């Protein structure tokens, strides 16, 4: 984000990470975790938010920006009193993610209340919000009561880029299926294994690779473990399709990365995924619980290269036009001009 914005405006990065968590929040985190076994989210706590807001205002007074782009910074802007217009960047809301992601499933009621207060204050403080997906936009309007005209969808760009021209994929041989599983349960690692076993029982010509921390896997699945960015980029280049069977997925960084390599995705229709994967254009979306449909989708791609080539071109095109940081920053800059009074202000 910062690299792309810096190409088009004078950018001053400001961070509050050096601001220590409030003593009260550290004490509550220890007490509630140990006494009741419920999470206390210091990153969404009022005392720390007040400290960060004050620190942010001191820094903003020094640099005097025209507008603030707040990335993962609801805690910082909630109690900021600088008066400078703020564009908030968000990929979900507290209500949408509670019970959807494990981190936000078993949170103490005290922490939930504080997080809701911070979300409400940060939403009111923001002049405009950039939502990473249509799912996030709907949640922001529904949960945080942000007026629809004050939320724009700006999908994120990739974390890993090809760094060169993409070469053609092999036109023959088994279809190579890749899954990147950062969280085995949430990313549906068990589903990937079941799809592999179903396809093997049908003698479908395909090879599976699962990247990440995995349990013991059936023979025939390549499991390199946790790998670096360069190795992952090589995986994106060498495989034919990404299998992303997440049970919950807010913004889908892996899907965005894969598209940049022309790697189409077979993905579950959950969270923000439909904004990233255009069904039938850059990949195939399947219902979250329909493993038979997932298996059939991989089978269909493995049986013929024409559909795979069509989806691969669609993924590359979507990466070039929508899922990239230039497109994101263009939207951010248009919004910035509007909140400060227009391009001539």
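Values in this text are rule-based calculations from the coordinates and carry no lab data. Note that the structure is a prediction, hence the values are computed from the model and not measured. Note that each Cβ is placed from the backbone with ideal geometry, even for glycine, and that neighbours are counted across all protein chains shown.
Taking neighbour counts of Cβ atoms within 10 Å as a proxy for exposure, in what order, fewest first, do 145, 176 appear?
Ascending Cβ contact count within 10 Å gives the list 145, 176.
Projected area of segment 169-273, taken from the Cα convex hull and averaged over every viewing direction, in nm²?
Hull-based average projected area comes out at 6.4 nm².
Apply 1/(1 + (r/R0)^6) to the Cβ-Cβ distance of residue 63 and residue 184, taking R0 = 51 Å, and write down the FRET efficiency to the nearest 0.05.
Efficiency for this residue pair is about 0.75.
Round to a whole angstrom and tell me the spacing of the C-alpha centers of segment 80-134 and segment 1-25.
If we compute the Cα centre of each part, the gap is 17 Å.
By how many degrees, 0 to 90 and rounded to 10, does the Cα axis of helix 23-35 deviate from the longest principal axis of the chain?
Helix 23-35 sits roughly 50 degrees off the main axis of the chain.
Just the projected area, averaged over all directions, of the convex hull on the alpha carbon atoms of the chain: how many nm²?
18.8
What FRET efficiency comes out for residue 340 versus residue 145 if R0 is 30 angstrom and r is the Cβ-Cβ distance? Round to the nearest 0.05.
0.80
If I fit a long axis through the Cα atoms of helix 109-125 and take the longest principal axis of the Cα atoms of the chain, what angle between them do I get, 0 to 90°, rounded to 10?
Tilt relative to the chain: about 80 degrees.
Angle, helix 189-201 long axis vs. longest principal axis of the chain, Cα atoms, 0 to 90°, nearest 10?
So the helix axis and the longest Cα principal axis differ by about 10 degrees.
Could you tell me the center-to-center distance, by alpha carbons, between segment 208-230 and segment 259-311 in angstrom?
For segment 208-230 versus segment 259-311, the Cα centre distance is 21 Å.
Taking a virtual spin label 7 Å from the Cα of residue 161 along the C-beta vector, which residues in segment 303-345 bring their backbone nitrogen under 16 Å of it?
316-331
Over the chain, what is the relative contact order in percent, taking alpha-carbon pairs closer than 8 angstrom and at least six residues apart?
About 15 percent, as a whole number.
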